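Beneath this line is the structure, given in structure tokens, with notes to follow.
The values are calculated or read from the model by the stated rules, or taken from the named source; none is laboratory data. Small disclaimer: the values here were computed from a predicted structure and weren't measured. Using ideal geometry, Cβ is built from the backbone for each residue, glycine included, and neighbour counts are taken over all protein chains shown. Accessible surface areas use protein heavy atoms only, side chains included; no ligands, DNA or RNA. Shrake-Rupley method; radii C 1.70, N 1.55, O 1.52, S 1.80 Å.
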Amino acid sequence: MLMLFGIIGFLLFIVFLVKGFISIFRKKNFKKDFMIALASFILFAVMATIDGSNDPKEVAKNKEQVATKEVKEASKEVATNDSKESSTDESKNAAKKADVKASSASSHGEQATVTRVVDGDTIHVSLKGKDETIRMLLLDTPETVDPNKPVEPFGKDASNFAKQTLSGKTVGIQVGSEPRDKYGRLLAYVWVGNKTYQEMVLEKGLGRTAYLYNDTSMLDQFHKAQDIAKNQGIGVWSIPDYAHVDHNHGYHYQEEKKEETVQTPVQKPVPKPAPQPTPEPAPTTEFFQNCTDMRTVYPNGVPSSHPAYQAKMDRDKDNFACER
């Protein structure tokens, strides 16, 4: 039935479409014909669509698509459930690992997370939800942050080792018998697994036993770790008299002052005076043949002290020759 209406609509569309073109050539009102043709084509199209949707093949195809979609959704739901179960198993395993880790840390004091490294013997931790500054017991490393002191040898090495070993790690904080120092810092042994961080530093020679408050329960154990570096002469023990065992007076180090070199102005050499001509020595004697000859030079004669004096010309022996 629907197909019949579709055919009728298609025929009307052809008829009125042709009639409209004829009306154009005859210069008659063609708009009405084209409107009826358009309506007929719409009727044809609607009937064809409705009839096509009722086609058994199309219906079967649609049913197949719906079934395929349902299967895919079911598979996706199963995969999601498996993923959730796997994620749950992983969470359980992670929780078990965390429990084991927590029990290991808690066996050596309170569990805490290192949030910042100040230097080789001072750190910040998050302990029971609170930021705490930890000053390590029985350990002293060279200064790097004291504004009143220069950076001491092996200070940066100790700080770098602390950052590599402790930054962001979970550690055990075992507070000593005297909980805090005068600055309010917690005095504690810091455990990394089953070994104290203090021992690690002492073995490498990056610090020495010091900062001895009333808790010295691990001092003998620390001495053994320290002896490893002392016997090898490494780190702070490589500089004579630099580090002393169990003393709280710091490290004996003075930064060498650079001597200021004062440049002496270069003096230009003073020119030597030109040598003066040496006068010719006066003649020790003057020789004359006789008094007549002498009187041409010395008209009144000469005394005995004169170079021209000759005894033969002093006839009267009065020590004056050729006098008149």
Point to revise | Conditions (1) open to solvent by less than 40 Å² (accessible area, probe 1.4 Å); (2) assigned to a loop (DSSP other than H, G, I, E, B); (3) of a type in the set (S, T, N, Q): number failed by SER159 | key: (2)
Revision key, fill the gap. Going through (1) small (Gly, Ala, Ser); (2) touching a strand residue (DSSP E or B) at 6+ places or on another chain (Cβ under 8 Å); (3) open to solvent by less than 10 Å² (accessible area, probe 1.4 Å) one by one, SER167 fails only at (3)
Practice item. For segment 200-213, enumerate the residues that are at pLDDT below 95 and open to solvent by 10 Å² or more (accessible area, probe 1.4 Å). Key: TYR211, LEU212, TYR213
Study note, to complete from the structure: Given the conditions (1) assigned to a loop (DSSP other than H, G, I, E, B); (2) among the basic types (Lys, Arg); (3) over 28 Å from GLY129 (Cα atoms), every one holds for LYS182 apart from (3)
Check your understanding: Here is a list of conditions, (1) more than 29 Å from the chain's Cα centre (by Cα); (2) outside any loop (DSSP other than H, G, I, E, B); (3) without any contact (Cβ under 8 Å) to a residue 40 or more places away in the chain, and THR165 meets all of them except one; can you say which number that is?
Key -> (1)
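Open to solvent by 50 Å² or more (accessible area, probe 1.4 Å) and in contact (Cβ under 8 Å) with a residue 60 or more places away in the chain: is that true of TYR197 in this structure?
Criteria not met by TYR197.
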Exercise for review: Look at segment 238-252 and say how many of its residues are at negative phi and surrounded by fewer than 20 Cβ atoms within 10 Å (Cβ to Cβ).
Suggested key: 10
Check your understanding: Before we move on, is VAL190 outside any loop (DSSP other than H, G, I, E, B), open to solvent by less than 10 Å² (accessible area, probe 1.4 Å) and more than 16 Å from ASN248 (Cβ to Cβ)?
Key -> yes
Exercise for review: State which residue pairs qualify: first residue of a type outside the set (Gly, Ala, Ser) and inside segment 285-306, second residue exposed (fewer than 15 other Cβ atoms within 10 Å of the Cβ) in any location, beta carbons under 6 Å apart, and separation of 6 or more residues or different chains.
Suggested key: THR285/PRO307; GLU286/PRO307
Review point. Taking segment 193-230 on its own, how many of its residues are touching a helix residue (DSSP H, G or I) at 6+ places or on another chain (Cβ under 8 Å), of a type in the set (S, T, N, Q) and assigned to a loop (DSSP other than H, G, I, E, B)?
Key: 2
Practice item. Having 2 or more residues that are within 12 Å of LEU166 (Cβ to Cβ) and open to solvent by 70 Å² or more (accessible area, probe 1.4 Å) is the bar; report the strands (runs of 3 or more DSSP E) wholly within segment 104-148 that clear it. Key: 110-119
